[in-house]
Structures are given as structure tokens and as C-alpha cells.
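Since the structure comes first, as C-alpha cells, the remarks are kept for the end.
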Amino acid sequence: MNINLRLLEVFQTDEFSLEEITEEAESFYIALILYKSSSDKSDYQPLYQESFVLIKAASLEEAKAKALNHGKNESVSYTNENGETITWSLQQVVDVNSVLDDDFDSFEDIVDLYARHFRNYEAYQSFEPLLSKEQFGE
């Protein structure tokens with residue numbers, strides 16, 4: 001008998017289904033996806049969007065594939081209030097990693113999901129529009 005058929009028989013006769021086992025084996029991952037806007041206007045300056053996406057997958061490889069597929073599916077074009085066509089498209093999947101703490105059912109009211117490291121704070125300040133010393137009571 002094929003080993004896969006035998007395993008299926010065992011799972012079907014047990015107290016839980018194969019689907020429940022598969023769901024339990026999945027983990028959460030964070031994907032950092034970068035999008036870029038473009039326009040038909042000749043002097044348009046591109047705008048970039050960083051998006052953090054929570055992904056449920058059985059492996060890192062599956063999470064990467066889901067992140068890439070999600071990024072491609074988020075591409076969109078529309079006409080803005082000035083009649084210009086704006087297009088948002090996937091620039092790059094920058095990173096996909098396991099969440100730092102996937103215990104979402106805990107009694108904690110804060111859960112760390114993602115962290116990244118850098119060495120040049122001045123470079124970070126130059127592109128981060130939300131960074132300000134007055135923010136959050138500092």
C-alpha cells in the first residue's frame with residue numbers, strides 16, 4: 001500500500017481531520033513588500049510604498065511564493081483628480097521571515113512581529129517621512 005494512502009487512512013480514523021493537522025503545521029510570516037508608483041505625466045516623481053504583510057504558510061518557501069503572488073496581485077492603475085493615470089506595481093519583495101513571536105493567543109497585549117537592522121541612522125532619517133523627535137511624546 002502506498003505510504004500516503006496509509007497515512008490518510010490513519011488520519012481519517014483519528015479524532016481530527018487531515019485539514020486540522022495541516023492548519024496546525026502552518027506558521028505566520030511577515031513579508032516586506034515594496035511597491036512603486038508611476039504615471040503617464042512626464043515630470044512625475046515616483047512614490048514608493050513599503051507594506052508589511054502577515055502571511056500564513058507551511059514553510060518559508062511557501063510564504064515567499066505567497067508574498068510574490070500577493071505583490072503582483074496588488075498592482076493597480078487609476079486616474080487621479082488631475083486626469084493622470086497612476087500605476088502602482090510591485091517593485092520587489094524585500095524580505096520574508098518568520099514572525100518573531102507567533103503566540104497570538106497569549107494574554108499579552110503586545111506581540112513582536114518583525115525587526116530589521118541598519119547601521120546608518122542618517123540615511124534612515126533621510127527617507128523615513130514619519131521620523132520626528134516630537135512624535136510619541138519624545
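None of the figures in this text is laboratory data; all of them are computed from the coordinates on show. What you see is a predicted model; the values in this text were computed from it and never measured. Don't worry about glycine lacking a Cβ; one is built from the backbone with ideal geometry, like all the others, and counts go over all protein chains shown.
The table below lists the values:
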| item | result |
| --- | --- |
| Calculated FRET efficiency for the pair residue 25/residue 82, C-beta based, R₀ 35 Å, to 0.05 | 0.10 |
| Sites residue 117 and residue 44, calculated FRET efficiency, Cβ-Cβ separation with R0 35 Å, nearest 0.05 | 0.60 |
| Per DSSP, loop GluC sites (Glu not before Pro) in the stretch 51-136 with at most 10 further Cβ within 10 Å | 81, 108, 134 |
| In order through the stretch 41-51: 3J(HN,Hα) via Karplus (6.51 cos²θ - 1.76 cosθ + 1.60), integer Hz, x for Gly, Pro | 6, 5, 9, 5, 9, x, 10, 10, 10, 9, 10 |
